[in-house]
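A.B. asks: Quick one: the structure is below, questions incoming.
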């Protein structure tokens, strides 16, 4: 369970972010004339599309693998449970965030 | 608009390819490793942009305030969602509460709940994976009007898998808020779910199965 404490592979996410932050800070002072963030932003735009495609492939494969272990009859019940468990927390959470983020902010 | 549509279309195409790969029995091990690699590269890239563009410590502190508010909304939304699902399906409240409180972290929720019941593991895994998918599909649409509030949809995924989507459609301030939101939830989930399941020593028997 300890290995799963951090999302992704161990704490590499944090390491990646830390490296990025350090590089960003260094470039802020070292390469002021170059617009580093614009270059990186363009790179992010391209890689986001590749990542979305890859996540789609992995999601489709994994869901199929999981669903194949149960029968067709149980599938209908599962779909109802999944629909409710996905939609309700999202909708209620979003509505609550609309309220909570505005408290004391005069919006 | 084209960017948002491209995200949805690419995801649907990818999902279809994934289903086909499963049906023709081809392993996706390399692809799942590629996802991890791309994710780390993107997180580092986002770190560069955030550090380069962040104006001051004050901006980061303002982000923490909003992140905590969003965390409260996300947790409350998940609790109410879990309870409502249990009430609608006339089933065990604790179990659905634990699944809903996975808040998108499907690897942890699925694996942890599978140690109690395999069906529960499947439910925990799939429901939380759908939350991540919903964020990838919905955030680009909602980000124009509600860039901050829509972060709560992503739950714990806003610190990694959905962070590039958030960064792509918003600005540095919102990206900082999203990361802190995801980080807090990631630290809370491994405490919350086992604590909830500890209050329910019974074996899980769904009423409608």
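Only the coordinates and a few stated rules stand behind these numbers; no lab work does. Note that the coordinates shown come from a computational prediction; the quantities given were computed from them, not determined experimentally. When we count neighbours, we look across all protein chains shown, and the Cβ atoms used for this are built from the backbone with ideal geometry, even at glycine.
A.B. asks: If neighbour count is taken as other Cβ atoms inside 10 Å, put B:119, B:29 in order from fewest to most. Could you put the intermediate results ahead of the total?
C.D. replies: Working: B:119 20, B:29 8.
So the ranking, lowest neighbour count to highest, is B:29, B:119.
A.B. asks: Only counting other Cβ atoms within 10 Å, I'd like B:152, B:78, B:111 sorted with the fewest neighbours first. Intermediate values should be presented prior to the final figure.
C.D. replies: On the way: B:152 35, B:78 30, B:111 15.
By the 10 Å Cβ count, ascending, the order reads B:111, B:78, B:152.
A.B. asks: Which angle between 0 and 90 degrees, to the nearest 10, do you get for helix B:57-89 versus the longest principal axis of chain B when only C-alpha atoms count?
C.D. replies: That works out to roughly 20 degrees.
A.B. asks: So, one more: With each run of n ≥ 4 DSSP H residues scored as -39500 (n - 2.57), what mean residue ellipticity at 222 nm is computed for chain B after dividing by its residue count and rounding to the nearest 500 deg cm²/dmol?
C.D. replies: Numbers: 9 runs with 160 residues, N = 209.
That comes out to -26000 deg cm²/dmol.
A.B. asks: Distance in nm between label sites at residue A:14 and residue B:34, each 7 Å beyond Cα in the beta-carbon direction?
C.D. replies: Calculated label separation equals 3.0 nm.
A.B. asks: Can you sort B:92, B:65 by how many other beta carbons sit within 10 Å, fewest first? Each step should come with its number before you reach the end.
C.D. replies: Working: B:92 17, B:65 14.
Neighbour counts put them in this order, fewest first: B:65, B:92.
A.B. asks: For peptide B:144-155, compute the average count of partner chain beta-carbon atoms within 10 Å of each residue's beta-carbon. Display every interim value, and only then the final one.
C.D. replies: Working: counts 0, 0, 4, 0, 3, 10, 4, 4, 11, 6, 2, 3.
Rounded to a whole number, the mean comes out at 4.
A.B. asks: Also: For chain B, what does the alpha-carbon gyration tensor say about shape, rounded, prolate or oblate, given a ≥ b ≥ c as the root eigenvalues, a/c under 1.5 as rounded, and a/b over b/c as prolate? Working shown, then result.
C.D. replies: Numbers: a/c = 1.95, a/b = 1.30, b/c = 1.50.
Oblate.
A.B. asks: Could you let me know the centre-to-centre spacing of region B:95-151 and region A:40-85, using Cα atoms, in angstrom?
C.D. replies: Measuring centre to centre over Cα atoms gives 11 Å.
A.B. asks: Follow-up question, since we're still on this one. Output the 0 to 90 degree angle, nearest 10, between the alpha-carbon long axis of helix B:172-198 and the longest principal axis computed from the alpha carbons of chain B.
C.D. replies: Rounded to the nearest ten degrees, it is 20.
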